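The block underneath contains the structure these notes are about, expressed in structure tokens.
The values are calculated or read from the model by the stated rules, or taken from the named source; none is laboratory data. The model shown is predicted, which means the values in this text are computed figures rather than measured ones. Cβ placement follows ideal geometry from the backbone for every residue including glycine, while neighbour counts extend to all protein chains displayed. Surface areas here come from the heavy atoms of the whole protein model, side chains and all, with no ligands, DNA or RNA. Shrake-Rupley method; radii C 1.70, N 1.55, O 1.52, S 1.80 Å.
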Amino acid sequence: MAMLKSTGNLAACAALCLAVLGCSVQPPAAPAAGGAVTIGFIVKQPEELWFQHEWEFAQQCADKYGFKLVKIGAPDGEKVLSAIDSLAANKAQGFVICTPDVRLGPAIMAKAKSYGMKVFTVDDQFVGSDGSFMDVPYMGISAKEIGRQVGVALYAEFQKRGWSIEETAACAITFEELNTVKERTDGTTAALTEAGFPAEKIYRGAEKITDVPAAFDAANIVLTQHPEVKRWLVYSVNDEGVLGAIRAMENRGFGAENVLGIGIGAGTGFIEFEKEKPTGYFAIAVISPKRHGYETTERLYKWIKDGVEPPKDTRTTATIATRENYKQIKQELGL
Ligand code: FCA
């Protein structure tokens, strides 16, 4: 093969190689002169309070450091990919993302790389084509542990109320397709059964998506199948899952006196506590949209600005709050 004589030839060869490989690589977007940084924050369910709070805290970070934050809701793969294009058009150097589907990980990373963008994943961890988690910086909750906390708290309150095991069952609203949420309900189931709650009295309802209407539908099926149950323990993957089930139970005449639900979240459940009359929503495992919104954005910013590589895997914890102490806990967590 003839030696390449000039850089022009080299560039032509590189372009040809890339064309053959079917990919285009643009030079990494470095902060523009004057250090202007733009960061995107893409979330899968912008209508969910959790994600709105993440955005709020990300904005606080942007305000502190003086960079531009572009918030985009992207409920499906097509929207995520066009969101990345529009971030590139806005000269963003990277983005934080909670993807609508973890299997989009490889496609998202390929597109981000083609623009030279850095990616930080939050809440839901990318899964590669081989089914294992991808090596992309991630911050998520300690899902199994938090699920267990919910189970321990449910069982303690069940005992405190002196409910009979004969009249009581548990309704678990699950979503098996996403690891970080499956681990939560698995953790609760494990803690409940280890404490002595009979596994055969845990009835599961699979929701199609992790929101209130989907949980309402899933719970209705469980309730129709089990008209004999007088008292319900309720748990799910998030606040929305528990609230959907509680609303379905209210429709059938159940209330605070015979429903005991504990959610996981930091927004929707608090609204339930603001209501004057207690409902079946007993407690929340409060997780931190502050850490997930502010810290992820801050780490990405420092990565872009100063080249500081973020830690690969960070897991955050939860604190159980009830009607009695939630205001104080909100304050302690900076919410
Ligand atoms: C997942 C859930 C959200 C929230 C987040 C921390 O993305 O779908 O509701 O719990 O984890």
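Values for this structure:
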read-out	value
Counted residues, the stretch 123-138 - those being on the phi < 0 side of the Ramachandran plot and open to solvent by less than 50 Å² (accessible area, probe 1.4 Å)	9
Residue match in the stretch 293-304 (condition: open to solvent by 40 Å² or more (accessible area, probe 1.4 Å) and either touching a strand residue (DSSP E or B) at 6+ places or on another chain (Cβ under 7 Å) or assigned to a strand (DSSP E or B) (or both))	yes
Filter result for Phe120 (aromatic (Phe, Trp, Tyr), closer than 30 Å to Tyr301 by Cβ and surrounded by 17 or more Cβ atoms within 10 Å (Cβ to Cβ))	yes
Filtered residue count, the stretch 197-210, keeping only those that are open to solvent by 50 Å² or more (accessible area, probe 1.4 Å) and either among the hydrophobic types (A, V, I, L, M, F, W, C) or more than 16 Å from the ligand (Cβ to nearest atom) (or both)	5
Arg315 of a type in the set (D, E, K, R) and either open to solvent by less than 10 Å² (accessible area, probe 1.4 Å) or over 27 Å from Ala245 (Cβ atoms) (or both)	no
Cβ-Cβ under 6 Å pairs, at least 6 apart or on other chains, the stretch 139-162 side within 17 Å of Pro198 (Cα to Cα) and open to solvent by less than 40 Å² (accessible area, probe 1.4 Å), far side part of a helix (DSSP H, G or I) and not small (Gly, Ala, Ser)	Val150/Thr188; Gly151/Thr188; Gly151/Leu192; Tyr155/Leu192
Given (1) free of Cβ contacts under 8 Å to residues at least 24 places away in the same chain; (2) touching a helix residue (DSSP H, G or I) at 6+ places or on another chain (Cβ under 6 Å); (3) within 24 Å of Ala266 (Cβ to Cβ), number of the condition Glu183 does not satisfy	(1)
Restricting the stretch 96-117 to residues that are more than 16 Å from the ligand (Cβ to nearest atom) and not in a loop (DSSP other than H, G, I, E, B), the residue that is least open to solvent (accessible area, probe 1.4 Å)	Ala112
Members of the stretch 163-189 found to be away from the ligand (no atom under 16 Å from the Cβ) and either in a loop (DSSP other than H, G, I, E, B) or surrounded by fewer than 16 Cβ atoms within 10 Å (Cβ to Cβ) (or both), listed by number	Trp163, Ser164, Ile165, Glu166, Glu167
